[in-house]
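Beneath this line is the structure, given in structure tokens, with notes to follow.
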Amino acid sequence: MPIMKGNSMWKYTFIRLRRNYLALIGFAILLVLILTAVFAEQLAPYGFADQDYMMIRKPPTAEHLLGTDEFGRDVLSRLIYGSRISLQVGLIAVSISLVAGGAIGAAAGYFGGKMDNLLMRVMDVQLAIPTILLAIVISSALGPGLFNLMVAVGITSIPRFARLMRASVLSIKNMEFIEAARAMGASHLRVILLYILPNCMAPLIVQSTLSVANAILFAATLSFLGLGIQPPFPEWGGMLSAARPYLRNSAYLSIFPGLAIMITIVSLNCIGDGLRDALDPKQKR
């Protein structure tokens with residue numbers, strides 16, 4: 001089969017992706033989550049901080065479909081608003097990792113030599129530190145809050161993108177079209193941005209999708225430990241943490257946020273697996 005380029009490659013990728021039903025289900029769930037986050041004010045039956053002390057820790061009813069928490073707040077409304085925070089953290093944190101890690105990996109792979117050794121040894125040192133421990137240390141140093149949470153989660157994934165980008169650059173930087181661009185007088189920055197980066201997008205897209213799932217999970221973990229989003233703002237990990245004292249008598253307080261995290265992570269992993277199979281040239285037939 002001849003090699004397809006440009007729009008043909010992405011068209012063929014889309015055709016292969018449509019055959020993966022798990023990936024399509026993942027995209028459908030993700031679309032629902034995005035729409036829920038965007039239209040949270042219209043979809044939520046109550047405000048995320050509205051309290052009703054006559055309805056404290058009431059199980060699911062017709063009035064409160066998922067019950068109420070220890071302050072009489074509607075659990076469904078808090079989950080809906082929480083989707084906005086979780087998706088925001090996941091997307092922005094991965095953007096930080098992608099930009100920083102991609103720049104480091106591109107510089108290391110393209111220039112090589114001492115720069116490659118220096119940058120990759122720094123990445124190796126970071127990889128030697130357990131990821132969740134590093135996220136806790138950074139979050140503790142920066143303090144709680146949405147922006148600090150996104151920065152802490154984003155920094156932990158930089159080495160993955162750096163190593164992936166470096167490997168991709170090393171595999172193509174000596175190809176004929178790169179040599180031709182250099183011979184025509186293209187600057188290093190132009191070569192990286194216009195010729196190397198577009199040919200490295202496939203693995204970066206897959207890694208970004210999977211990293212969003214990890215970022216949401218890390219954000220929930222930090223909020224569970226009290227280092228992320230602070231009350232009364234709803235965050236799924238924080239809701240799980242607040243539900244710990246009521247596991248015996250009001251288990252639904254932990255079940256619903258846990259299900260929200262699980263469904264989101266599974267859907268993103270299905271999307272990542274589908275994109276990996278669709279973008280893998282070895283599986284094209």
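The values are calculated or read from the model by the stated rules, or taken from the named source; none is laboratory data. Predicted, not measured: the structure shown is a model, and the values here were computed from it. No Cβ is skipped: glycine too gets one built from the backbone with ideal geometry, and neighbour counts run over all protein chains shown.
Residues in region 217-225: is at least one free of Cβ contacts under 8 Å to residues at least 60 places away in the same chain and closer than 19 Å to Arg84 by Cα? Yes, region 217-225 contains at least one residue that is free of Cβ contacts under 8 Å to residues at least 60 places away in the same chain and closer than 19 Å to Arg84 by Cα. Of all the numbered requirements in (1) modelled with pLDDT under 90; (2) among the β-branched types (Val, Ile, Thr); (3) within 25 Å of the chain's Cα centre (by Cα), Val99 misses one, and that requirement is (1). Leu268 meets each of the listed conditions (1) more than 20 Å from Ile29 (Cβ to Cβ); (2) modelled with pLDDT of 85 or more; (3) not in a loop (DSSP other than H, G, I, E, B) apart from (1). Criterion applied to Gly90, Gly67 was being of a type outside the set (Val, Ile, Thr), closer than 24 Å to Gln230 by Cβ and over 26 Å from the mean Cα position of the chain (by Cα), and the one residue passing it is Gly67.
Annotation: of all residues in region 15-68 being assigned to a loop (DSSP other than H, G, I, E, B) and among the polar types (S, T, N, Q), the one that is modelled with the lowest pLDDT is Asn20.
Of all the listed residues (Ser86, Ser157, Ser140), the sole one being at pLDDT below 90 and more than 14 Å from Ser211 (Cα to Cα) is Ser140. For Ile85, the conditions (1) out of contact with any Gly (no Cβ under 6 Å at 6 or more places or on another chain); (2) surrounded by 14 or more Cβ atoms within 10 Å (Cβ to Cβ); (3) β-branched (Val, Ile, Thr); (4) not in a helix (DSSP H, G or I) all hold with the exception of (4). Across region 13-69, what is the number of residues that are among the aliphatic types (A, V, I, L, M) and crowded, with 16+ Cβ neighbours inside 10 Å? Residues that pass the stated criteria total 10.
Can you find a residue that is hydrophobic (A, V, I, L, M, F, W, C), in contact (Cβ under 8 Å) with a residue 24 or more places away in the chain, farther than 26 Å from Ala242 by Cβ and touching a Cys at 6+ places or on another chain (Cβ under 9 Å) anywhere in region 92-111? Yes, some residue in region 92-111 is hydrophobic (A, V, I, L, M, F, W, C), in contact (Cβ under 8 Å) with a residue 24 or more places away in the chain, farther than 26 Å from Ala242 by Cβ and touching a Cys at 6+ places or on another chain (Cβ under 9 Å).
In this structure, Ala260 qualifies as under 15 Å from Leu76 (Cα atoms), among the aliphatic types (A, V, I, L, M), touching a Ser or Thr at 6+ places or on another chain (Cβ under 8 Å) and touching a residue at least 60 places away in the same chain (Cβ under 8 Å).
Among helices (runs of 4 or more DSSP H) lying entirely in region 177-265, which contain 3 or more residues that are in contact with a Pro (Cβ under 8 Å, 6 or more places away or on another chain)? Give the steps one after another, and end with the answer.
Details: elements: 188-191, 201-224, 236-243.
It comes to 236-243.
Taking region 70-82 as the range and being among the small types (Gly, Ala, Ser) and surrounded by fewer than 18 Cβ atoms within 10 Å (Cβ to Cβ) as the test, only Gly72 passes. Scanning region 13-37 for residues that are of a type in the set (Val, Ile, Thr) and in contact with a helix residue (DSSP H, G or I) (Cβ under 8 Å, 6 or more places away or on another chain) yields Thr13, Ile25, Ile29, Ile34, Thr36.
Does Leu240 satisfy the condition of being in contact with a Ser or Thr (Cβ under 9 Å, 6 or more places away or on another chain), free of Cβ contacts under 8 Å to residues at least 40 places away in the same chain and either crowded, with 21+ Cβ neighbours inside 10 Å or over 20 Å from Gly154 (Cβ atoms) (or both)? Spelling it out, Leu240 is indeed in contact with a Ser or Thr (Cβ under 9 Å, 6 or more places away or on another chain), free of Cβ contacts under 8 Å to residues at least 40 places away in the same chain and either crowded, with 21+ Cβ neighbours inside 10 Å or over 20 Å from Gly154 (Cβ atoms) (or both).
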